[in-house]
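**Student:** Sharing a structure with you now.
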Amino acid sequence: MMIESYLKKDAYRVPKGWRTPGEMVRRQGLLIAAALWCGTVHAEPAVSLEFKYPEGRVIHEVTKKNNVTDAAGMRIVQFHQQEIERRVLSSEKNGVVLQLTYQRQLMTTESPLGSMSFDSSVDKAPPEDLSFTVLGLLVGQSFTVLLDENFQVSTVTGAERIAQTLKESLPKDLPKDAVEKVMASFTTAALKKLVSDKRQVLPNKAVVPGDTWSNSVDMALSSAGMMTTISDYTLRSLEEDGARQVAVIDYVIRAEMAPGNQLLSGFSVKGKGQTRFDVALGMFIGSEVNIEMSGEIQGMPMNVSSNVTVTNQLH
């Protein structure tokens, strides 16, 4: 019907008061130009996404991970919830001191071999399994981080103490390589990365919706060499949440293994996620990412689907 109406003779009739079709075209052109000009004037200004660390601030962070692993004809379903308190001990022009304390640890595992669960807020002791034992020992452990004037991680204090506590408390009959894998998660470098990863998400300049930026992070995998994770970010929108402005950031991630990696042959890591950043508070308030990992580990096919959500609240 719309096409037919334009084909009618009346569709070309010059409005009353306009002398010629040419005048009609010129006036319409002026209206379009005015609309474009107005659109330019009212375009959203660029916004800087920067962390803020007022002294005394306490953030309660809850991370929930759901993993489904298919390997060797078995399916393992695991859920892990970790709660961390981030406290700003001091905030000055030359740096910021943060204290991170491990709080509630909750994990459930289901597989053809059976199921196990542990909730540090309820259970007095974890099951006799290495992963659950480590979680139980983590509760109450803390470390401090010094950020420089650019909010980059300068030093980490307390990693050695956590590692020593774990080492002394783990069963004495554990294989040496199992103990080393546990310790690898609590080295100074590993805890530094725990804080640095959040800084990597934000752009280093002011942005407007539609702007993109990228970064890459190298990670040393135990017995598997180096892996490089590449993340591409897009500022999707700036939303009003009451009196607050929230930046919504979409991102995609992928990983590349170092050449010649024999342990993770043809392993693929891909994911998509979204995070929300409170501009006024200068902090992340929530995020969610879905990651798919597939390939072979020492010739054994494996597929892992992972969903991770993080929420942050001021306390």
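**Student:** Residues Ser214, Ser169, Ser196: which one is among the hydroxyl-bearing types (Ser, Thr, Tyr), modelled with pLDDT of 85 or more and more than 30 Å from Pro127 (Cα to Cα)?
**Tutor:** Being among the hydroxyl-bearing types (Ser, Thr, Tyr), modelled with pLDDT of 85 or more and more than 30 Å from Pro127 (Cα to Cα) holds for just one of Ser214, Ser169, Ser196, which is Ser214.
**Student:** Here is a list of conditions, (1) under 11 Å from the mean Cα position of the chain (by Cα); (2) within 28 Å of Asp70 (Cα to Cα); (3) not acidic (Asp, Glu), and Gly266 meets all of them except one; can you say which number that is?
**Tutor:** (1)
Here is a yes/no grid of residues against (1) at pLDDT 75 or above; (2) loosely packed, with under 15 Cβ neighbours inside 10 Å; (3) in contact with a strand residue (DSSP E or B) (Cβ under 7 Å, 6 or more places away or on another chain); (4) on the phi > 0 side of the Ramachandran plot:
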position: Thr228; (1), (2), (3), (4): yes, yes, yes, no
position: Asp232; (1), (2), (3), (4): yes, yes, yes, no
position: Ala255; (1), (2), (3), (4): yes, no, yes, no
position: Asn261; (1), (2), (3), (4): no, no, yes, no
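**Student:** Considering only region 278-292, I want to know if a residue exists there that is of a type in the set (Gly, Ala, Ser), modelled with pLDDT under 90 and within 30 Å of Val208 (Cβ to Cβ). It would help to see each step written out before you state the result.
**Tutor:** Applying the first criterion (of a type in the set (Gly, Ala, Ser)) to region 278-292 yields 280, 282, 286-287.
Next, only the ones that are modelled with pLDDT under 90 stay: none.
Scanning region 278-292 turns up no residue that is of a type in the set (Gly, Ala, Ser), modelled with pLDDT under 90 and within 30 Å of Val208 (Cβ to Cβ).
**Student:** What do you reckon, is Thr188 over 23 Å from Met283 (Cβ atoms), in contact with a strand residue (DSSP E or B) (Cβ under 6 Å, 6 or more places away or on another chain), loosely packed, with under 15 Cβ neighbours inside 10 Å and assigned by TED's automatic domain parsing to the domain that holds Pro126?
**Tutor:** On the way: over 23 Å from Met283 (Cβ atoms): yes; in contact with a strand residue (DSSP E or B) (Cβ under 6 Å, 6 or more places away or on another chain): yes; loosely packed, with under 15 Cβ neighbours inside 10 Å: no; assigned by TED's automatic domain parsing to the domain that holds Pro126: yes.
So Thr188 does not fit the description; no.
**Student:** Could you list, in sequence order, the residues of region 276-296 that are surrounded by fewer than 17 Cβ atoms within 10 Å (Cβ to Cβ) and either in contact with an Asp or Glu (Cβ under 7 Å, 6 or more places away or on another chain) or in contact (Cβ under 8 Å) with a residue 40 or more places away in the chain (or both)?
**Tutor:** Across region 276-296, the qualifying residue is only Val279.
**Student:** Look at region 178-188 and say how many of its residues are touching a residue at least 24 places away in the same chain (Cβ under 8 Å) and aliphatic (A, V, I, L, M).
**Tutor:** Counting residues in region 178-188 that are touching a residue at least 24 places away in the same chain (Cβ under 8 Å) and aliphatic (A, V, I, L, M) gives 3.
Listed here are the residues, each with its yes/no results for (1) out of contact with any Pro (no Cβ under 9 Å at 6 or more places or on another chain); (2) touching a residue at least 24 places away in the same chain (Cβ under 8 Å); (3) more than 25 Å from Asp129 (Cα to Cα); (4) outside the structural domain of Ile84 (by TED's automatic domain parsing).
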site: Ile162; (1), (2), (3), (4): yes, yes, no, no
site: Asp218; (1), (2), (3), (4): yes, no, yes, no
site: Asp250; (1), (2), (3), (4): yes, yes, yes, no
site: Pro259; (1), (2), (3), (4): yes, no, yes, no
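The values are calculated or read from the model by the stated rules, or taken from the named source; none is laboratory data. Note that this is a predicted model, so its numbers are computed, not measured. We place every Cβ from the backbone using ideal geometry, glycine too, and count neighbours over all the protein chains shown.
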